[in-house]
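Here the structure is laid out as structure tokens; the discussion comes afterwards.
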Amino acid sequence: MTNDPTDEMMGDPAKLFEGSFEVPHKSPVQPHQLTLDDSFTFHCHKGIACFNECCRSIDITLTPYDLLRLRNRLEMTSSEVVAKYTLPFEMDHHGLPGLKLRTKPGTGECVFLTEEGCSVYEDRPAACRYYALGSMGVRKKDSAEVEDIFFVVKESHCLGHQEPKTQTVREYRHEQGVDQYDDMNRAWRDVIIKKRSSGPTIGKPSERSMQLFDMCSYDLDSFRDFIRTDGFQEVFDVDADTMAELAADDEALLQFAMRFLKQVLFGELSIPVKQGAREQRLAKRRDHIEQKRREEVERHKAHDPRDDAPSD
């Protein structure tokens, strides 16, 4: 089972399948594009013969909200969940950090799969909730808007497509609880799409930008600590009520993290900056560098080999 919520395609994906030639491989993705109010036939349930088969060969990219739900479900820190249940990968040629759900050793099975089914079902990732639908964020040429499109995924093992249940995409998303995941992940997806589509105009992000992306996406605990630091509060003008909300509400914190990420990566100013903060930070940085230089000079003076030379 695969599902990458960060994909972007310029134009109509169905055009990839046009032509009179024969293709030896039949894609599980049905090329017909669906909207929220289009219908499809599918039903998965415990009584079906293929139950859990889709969980035995996975390739699932995790989103920030996936990580947040798993973190709270497992009562672990963000870094503990990442270390135990995920594998890192690079989402683009610049090395933008991504995470995939870990599989059991030597198999393609989901690490959370049990004989009874998914052990984290109520908090399963968005990709699992969407199956057997796929989703894609599409920004067409000359458009600034990202459009959500959907399509059916038909894998050979899946018998759910033969079940007599028809629903709209909107109804299925609501039934699976995926609409909340999409709402929480939309800003993160937009960051990735904007970064991909900007290409050479932005260039390779700095190491600092990569670190910030990683923290905001996959380590909310560290981000919460970060916004409490003097460095953050010297620059950003966040009122006490908002800070209290961010201390107590994980979902609010995740949305704030995405606002911060857009601000530092693309200059989308949504978090107020204190007047004169930039100048003060630069002056403080210059003072810090100058102090380091003075300390280095003093250190060299203290160990000048001429001081150890024997006198006549």
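The values are calculated or read from the model by the stated rules, or taken from the named source; none is laboratory data. Remember, it's a predicted structure, so these values are computed and weren't measured experimentally. As a convention, Cβ positions derive from the backbone with ideal geometry for all residues, glycine included, and neighbour counts pool all protein chains shown.
Going residue by residue through the stretch 273-287, is there one that turns out to be modelled with pLDDT of 90 or more and either surrounded by 10 or more Cβ atoms within 10 Å (Cβ to Cβ) or not assigned by TED's automatic domain parsing to the domain that holds residue 72 (or both)? It would help to see each step written out before you state the result.
Within the stretch 273-287, the first condition is being modelled with pLDDT of 90 or more, and the residues that meet it are 273-274.
Filter again for either surrounded by 10 or more Cβ atoms within 10 Å (Cβ to Cβ) or not assigned by TED's automatic domain parsing to the domain that holds residue 72 (or both), leaving 273-274.
Among the residues of the stretch 273-287, at least one is modelled with pLDDT of 90 or more and either surrounded by 10 or more Cβ atoms within 10 Å (Cβ to Cβ) or not assigned by TED's automatic domain parsing to the domain that holds residue 72 (or both), which makes the answer yes.
Among the residues of the stretch 101-130, which ones are among the hydroxyl-bearing types (Ser, Thr, Tyr) and surrounded by fewer than 21 Cβ atoms within 10 Å (Cβ to Cβ)? Step through it out loud before you land on a result.
As a first pass, look at the stretch 101-130 and keep what is among the hydroxyl-bearing types (Ser, Thr, Tyr): 103, 107, 114, 119, 121, 130.
Answer for the stretch 101-130, where residues must be among the hydroxyl-bearing types (Ser, Thr, Tyr) and surrounded by fewer than 21 Cβ atoms within 10 Å (Cβ to Cβ): 103, 107, 114, 119, 121.
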* Asked: Assuming residue 151 fulfils every condition listed in (1) hydrophobic (A, V, I, L, M, F, W, C); (2) touching a Gly at 6+ places or on another chain (Cβ under 8 Å); (3) closer than 21 Å to residue 52 by Cβ apart from one, which condition is it?
  -> (3)
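Yes or no, residue by residue, for (1) charged (D, E, K, R); (2) out of contact with any helix residue (DSSP H, G or I) (no Cβ under 6 Å at 6 or more places or on another chain):
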{"position": "193", "(1), (2)": "no, yes"}
{"position": "218", "(1), (2)": "no, no"}
{"position": "235", "(1), (2)": "no, no"}
{"position": "243", "(1), (2)": "no, yes"}
{"position": "259", "(1), (2)": "yes, yes"}
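Answer yes if at least one residue in the stretch 55-63 is assigned to a helix (DSSP H, G or I) and within 15 Å of residue 112 (Cβ to Cβ), and no otherwise.
We begin by selecting, within the stretch 55-63, every residue assigned to a helix (DSSP H, G or I); these are 55.
Next cut, within 15 Å of residue 112 (Cβ to Cβ) only: 55.
Looking for residues that are assigned to a helix (DSSP H, G or I) and within 15 Å of residue 112 (Cβ to Cβ), one finds at least one in the stretch 55-63, hence yes.
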* Only one of (1) assigned by TED's automatic domain parsing to the domain that holds residue 37; (2) modelled with pLDDT of 95 or more; (3) touching a helix residue (DSSP H, G or I) at 6+ places or on another chain (Cβ under 8 Å) fails for residue 252. Which number is that? -> (1)
* Structure fact -> Those residues of the stretch 153-205 which are modelled with pLDDT of 95 or more, in contact with a His (Cβ under 6 Å, 6 or more places away or on another chain) and outside any helix (DSSP H, G or I) amount to 163, 165
* **Wholly enclosed helices (runs of 4 or more DSSP H) of the stretch 206-250 bearing at least 2 residues of a type in the set (Asp, Glu) and under 27 Å from residue 96 (Cα atoms)** => 207-218, 220-226
